[in-house]
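> Take a look at the following structure, please.
The values are calculated or read from the model by the stated rules, or taken from the named source; none is laboratory data. Source: prediction; values computed, not measured. Cβ coordinates were reconstructed from backbone atoms using ideal geometry, including for glycine residues, and neighbour counts include every protein chain displayed. Just the protein is used for accessible areas: all its heavy atoms, side chains included, with ligands, DNA and RNA removed. Shrake-Rupley method; radii C 1.70, N 1.55, O 1.52, S 1.80 Å.
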Amino acid sequence: MDKYKFQEFIKGPEMKPRNFEDRIIPPNLGTGMVQMKGTPVSNGSIKARVCVSEDITEADSIQPGDILITYSTDIGWSPYFPLLSGIITEIGGTISHGAVIAR
């Protein structure tokens, strides 16, 4: 269900996703691969290097284009956001700091 794409505005009872006819194939995970699930706060997808930082003191390992994985973000992370192609946080939601700044 997560792979279906819906129109931004839907009228009436016919609520079918745009890609309803597409066959959605679950990913085949190989050795050492991890599948993560969450709540996206914007459209799109990206494949990039992942940088895991437990806190801001480890931010010096971020490279341009990385996807940042961290517990949460605050104003201290802001200088790094222009370098990132994505942010994944353990806590937060659609109006959390990381989600709002990323959009």
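> Counting only helical runs of four or more DSSP H residues, what would the 222 nm mean residue ellipticity of the chain come to if each run contributes -39,500 (n - 2.57) and the total is spread over all its residues?
The helix-only estimate for the chain comes to -1500 deg cm²/dmol at 222 nm.
> Here's a follow-up. For the stretch 52-103, what does the accessible surface come to per residue with a 1.4 Å probe? Please give it in Å².
I get 61 Å² per residue for this part.
> Summing Lys, Arg as +1 and Asp, Glu as -1, what charge do residues with Cβ under 15 Å from the Cβ of Ile62 carry, Ile62 excluded?
-4
> Would you pull out the residues with amide H under 5 Å of Ile69's amide H, same chain only if 5 or more places away, H placed 1.01 Å from N?
It is Cys51, Val52, Ser53, Ile88, by chain and number.
> Which residue, Pro64, Pro79, Pro40, has the most motion in a Gaussian network model of the chain that connects Cα atoms within less than 10 Å?
Per the Cα network of the chain with a 10 Å cutoff, Pro79 tops the list.
> Using a probe of 1.4 angstrom, how much of the accessible area of the chain is carbon and sulfur, in percent?
Within the chain, the accessible surface is 54 percent carbon and sulfur.
> Magnitude of the Cβ-charge dipole of the chain, K/R +1 and D/E -1, about the Cα centre, nearest 20 debye?
The dipole magnitude comes to about 620 debye.
> Also, I was wondering about something else. For Phe9 and Asp55, FRET efficiency with R0 = 41 Å and r from the beta-carbon atoms, rounded to 0.05?
That pair, Asp55 with Phe9, gives E of 0.55.
> Modelled label-to-label distance, Ile91 and Ser42, 7 Å Cα→beta-carbon offset: nm?
2.4
> Could I ask something else about it? Compute the signed sum of charges (Lys and Arg +1, Asp and Glu -1) over the other residues within less than 13 Å, Cβ to Cβ, of Thr89.
Surrounding charge for Thr89 is -4.
> For Leu84, Leu68, Leu29, give me the order by solvent-accessible area with a 1.4 Å probe, most accessible first, ignoring ligands, DNA and RNA.
The ranking, largest first, comes out as Leu29, Leu84, Leu68.
> Over the chain, consider all pairs of different Cα atoms and compute the Kirkwood hydrodynamic radius from their mean reciprocal separation; express it in Å, one decimal.
This gives a value of 15.9 Å.
> Of Ile62, Ile87, Ile75, which has the largest mean-square fluctuation in a 10 Å C-alpha GNM of the chain?
For the chain, modelled as a Gaussian network with Cα springs under 10 Å, the answer is Ile75.
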